[in-house]
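Reviewing the structure listed below.
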Amino acid sequence: MIGKIKKGKSFAGLTKYVLEKEEASLICTNLAGDTPQYFYQQLSATKQLNPRVRSPVSHISISFPPSEKPDKKQLQEIVEGTLTGMGFEKNLYFAASHSDRNH
């Protein structure tokens, strides 16, 4: 398993990138609604809570080797464990999987 973390400024850009790919599948979220637009609106609202934060967006990606194909329940457990381990369990989030690559 390989993990990457990127910081950014645009909730809209990340939401579209992650959820609007043809191969995207929502794994889990603590946001209301079921569209990228609903997610973007909620995430953007949190930006107003502390305008001093310059990069409010975190994009955590985890890649598995082609031989590993975790099912949705396993992916949910990985998401929850990652959020808890990083101290993000109280943050708003969504997680999606992409099947456009073999890893």
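Data overview
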quantity: Only Lys, Arg (+1) and Asp, Glu (-1) charged, at Cβ; the stretch 28-88 dipole about Cα centre in debye; calculated: 300 debye
quantity: Computed magnitude of the charge dipole of the chain (debye, nearest 20; Cβ of K, R +1, Cβ of D, E -1); calculated: 600 debye
quantity: Residues in the stretch 43-80 that a label on residue 32 would reach, taking backbone N under 20 Å of a point 7 Å out along Cα→Cβ; calculated: 43-50
quantity: Rounded tilt (10° steps) of 72-85 against the dominant C-alpha axis of the chain; calculated: 50 degrees
quantity: Correct choice for Cα extents along the principal axes in Å that was computed from the model, options (1) 43, 29, 21; (2) 87, 35, 27; (3) 37, 27, 26; calculated: (1)
quantity: Options 33, 44, 55, ranked by Cα towards positive dipole end of the stretch 1-76, top entry (Cβ charges); calculated: 55
quantity: From phi via Karplus (6.51, -1.76, 1.60), per-residue ³J(HN,Hα) for the stretch 53-67 in Hz, x at Gly/Pro; calculated: 6, 7, 10, x, 9, 10, 10, 9, 10, 10, 10, 10, x, x, 6
quantity: Distant-in-sequence amide H partners of residue 96 (H built 1.01 Å from N, under 5 Å); calculated: 27
quantity: Check: the stretch 1-56 dipole with +1 on Lys, Arg Cβ and -1 on Asp, Glu Cβ, in debye; calculated: 540 debye
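A short reminder: the numbers here are calculations on the coordinates, not readings from a lab. Keep in mind it's a predicted model, so treat the numbers as computed, not measured. As a convention, Cβ positions derive from the backbone with ideal geometry for all residues, glycine included, and neighbour counts pool all protein chains shown.
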